[in-house]
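The structure follows.
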Amino acid sequence: AQSVTQLDSQVPVFEEAPVELRCNYSSSVSVYLFWYVQYPNQGLQLLLKYLSGSTLVKGINGFEAEFNKSQTSFHLRKPSVHISDTAEYFCAVSGGSNYKLTFGKGTLLTVNP
Amino acid sequence: NAGVTQTPKFRVLKTGQSMTLLCAQDMNHEYMYWYRQDPGMGLRLIHYSVGEGTTAKGEVPDGYNVSRLKKQNFLLGLESAAPSQTSVYFCASKQGGNYEQYFGPGTRLTVT
């Protein structure tokens with residue numbers, strides 16, 4: 001079985017500030033990790049993914065995440081956020097069989113001017 | 001290339017009524033999924049399909065049925081709607097051998 005914990009349900013930040021959204025996972029097998037973004041009243045869009053290789057993964061819109069196996073974490077970071085980054089962010093894990101994703105409960109990022 | 005589309009976008013039902021949500025994808029994906037999204041709960045898998053003619057239960061299947069008669073379509077049915085089924089429903093699909101799921105825009109369902 002696998003699970004995902006997003007440690008913060010809401011993260012308010014000011015524009016141009018750095019941000020980190022935290023994600024921890026548990027799994028008994030090798031994992032594949034994902035961050036999805038959901039803008040208001042829209043579906044989910046893939047931000048970035050870790051399948052193998054380099055533990056630092058770069059995604060769209062200037063976001064990046066680092067896979068840390070020893071700490072079972074996959075935190076999402078952006079050095080300078082914009083108002084347009086306001087959205088809900090979901091961490092997800094797929095382990096073992098590749099056809100199911102387990103999602104965290106989401107982190108609402110609010111960027112204030 | 002429309003990707004994943006969902007019909008309808010919004011629906012209001014009375015308790016006990018039935019309805020079917022339609023998901024269609026034009027990417028020739030083998031796998032299709034139905035999720036529900038509730039505040040503070042993230043996305044929870046209702047049912048999924050690994051190919052035409054196959055379906056399987058996910059995390060929260062009770063009260064829902066599904067069918068995958070054609071590869072491009074995945075239908076979610078509510079036989080007797082309950083207020084607890086008020087939610088936003090998302091469909092997703094993916095290619096076999098890949099991990100990325102592609103999501104539709106969602107259907108907002110209210111059961112009164």
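The values are calculated or read from the model by the stated rules, or taken from the named source; none is laboratory data. Everything quoted here is computed from the prediction, not taken from an experiment. Heads up, the Cβs are rebuilt from the backbone with ideal geometry, glycines too, and the neighbour counts pull from every protein chain shown. Remember, those area values only see protein heavy atoms, side chains included, never the ligands or the DNA or RNA. Shrake-Rupley method; radii C 1.70, N 1.55, O 1.52, S 1.80 Å.
Restricted to region A:10-57, and to residues that are under 22 Å from B:GLU59 (Cα atoms), within 11 Å of another protein chain (Cβ to nearest Cβ) and hydroxyl-bearing (Ser, Thr, Tyr), which residue is farthest from the chain's Cα centre (by Cα)?
Across region A:10-57, the extreme among qualifying residues is A:TYR32.
Take B:SER80 and decide whether it is open to solvent by 60 Å² or more (accessible area, probe 1.4 Å), touching a residue at least 40 places away in the same chain (Cβ under 8 Å) and away from chain A (no Cβ under 14 Å).
Spelling it out, B:SER80 is indeed open to solvent by 60 Å² or more (accessible area, probe 1.4 Å), touching a residue at least 40 places away in the same chain (Cβ under 8 Å) and away from chain A (no Cβ under 14 Å).
Can you pull out every residue in region B:86-103 that is modelled with pLDDT of 95 or more and of a type outside the set (A, V, I, L, M, F, W, C)?
Within region B:86-103, B:THR86, B:SER87, B:TYR89, B:SER93 meet the criteria.
In addition: Of all residues in region B:13-24, how many are under 26 Å from A:GLY106 (Cα atoms) and touching a residue at least 60 places away in the same chain (Cβ under 8 Å)?
2
I would also like to ask the following. Report whether or not A:GLU64 is more than 14 Å from every other protein chain (Cβ to nearest Cβ), within 19 Å of A:THR5 (Cα to Cα) and among the acidic types (Asp, Glu).
Yes; evaluated as a whole, the condition is true for this residue.
Ok, one more. Return the residues of region A:4-44 that are assigned to a loop (DSSP other than H, G, I, E, B) and among the hydrophobic types (A, V, I, L, M, F, W, C); say none if nothing qualifies.
A:LEU7, A:ALA17, A:VAL29
How many of the residues making up region A:4-25 are open to solvent by less than 50 Å² (accessible area, probe 1.4 Å) and more than 20 Å from A:GLY62 (Cα to Cα)?
Adding up the residues that qualify gives 5.
Of the conditions (1) in contact (Cβ under 8 Å) with a residue 40 or more places away in the chain; (2) open to solvent by 70 Å² or more (accessible area, probe 1.4 Å); (3) closer than 23 Å to A:LYS105 by Cα; (4) aliphatic (A, V, I, L, M), B:LEU43 clears all except one; give me its number.
The failed condition is (2).
May I ask you to verify whether A:SER73 is touching a residue at least 60 places away in the same chain (Cβ under 8 Å), over 24 Å from A:GLU15 (Cβ atoms) and open to solvent by less than 50 Å² (accessible area, probe 1.4 Å)?
no
Among the listed residues B:SER49, B:SER84, B:SER80, B:SER93, which satisfies the condition of being farther than 30 Å from A:THR5 by Cβ and of a type in the set (Ser, Thr, Tyr)?
Checking each option against the conditions leaves just B:SER80.
While we're on this one: Let me spell it out: the conditions are (1) closer than 24 Å to A:TYR99 by Cβ; (2) at pLDDT 95 or above, and A:VAL11 meets all of them except one. Which number is the exception?
(1)
Another question about this same structure. State whether the residues of region B:25-39 include one that is touching a residue at least 24 places away in the same chain (Cβ under 8 Å), open to solvent by 50 Å² or more (accessible area, probe 1.4 Å) and within 14 Å of another protein chain (Cβ to nearest Cβ).
yes
Now, a different point. Please state which one of A:VAL57, A:VAL37, A:VAL29, A:VAL111 is in contact (Cβ under 8 Å) with a residue 60 or more places away in the chain and surrounded by 14 or more Cβ atoms within 10 Å (Cβ to Cβ). Walk me through it before giving the result.
Working: A:VAL57 fails: in contact (Cβ under 8 Å) with a residue 60 or more places away in the chain; A:VAL37 fails: in contact (Cβ under 8 Å) with a residue 60 or more places away in the chain; A:VAL29 fails: surrounded by 14 or more Cβ atoms within 10 Å (Cβ to Cβ).
Exactly one of A:VAL57, A:VAL37, A:VAL29, A:VAL111 is in contact (Cβ under 8 Å) with a residue 60 or more places away in the chain and surrounded by 14 or more Cβ atoms within 10 Å (Cβ to Cβ), namely A:VAL111.
Follow-up. Mind counting the residues in region B:41-63 that are away from chain A (no Cβ under 12 Å) and more than 17 Å from A:PHE103 (Cβ to Cβ)?
Total satisfying the criteria: 5.
Give me the pairs: first residue in region B:53-76 and open to solvent by 70 Å² or more (accessible area, probe 1.4 Å), second residue assigned to a strand (DSSP E or B) and β-branched (Val, Ile, Thr), beta-carbon distance under 7 Å, and six or more apart or on different chains, which are they?
Close Cβ pairs (under 7 Å, with a partner that is assigned to a strand (DSSP E or B) and β-branched (Val, Ile, Thr)) amount to B:THR55/B:VAL66.
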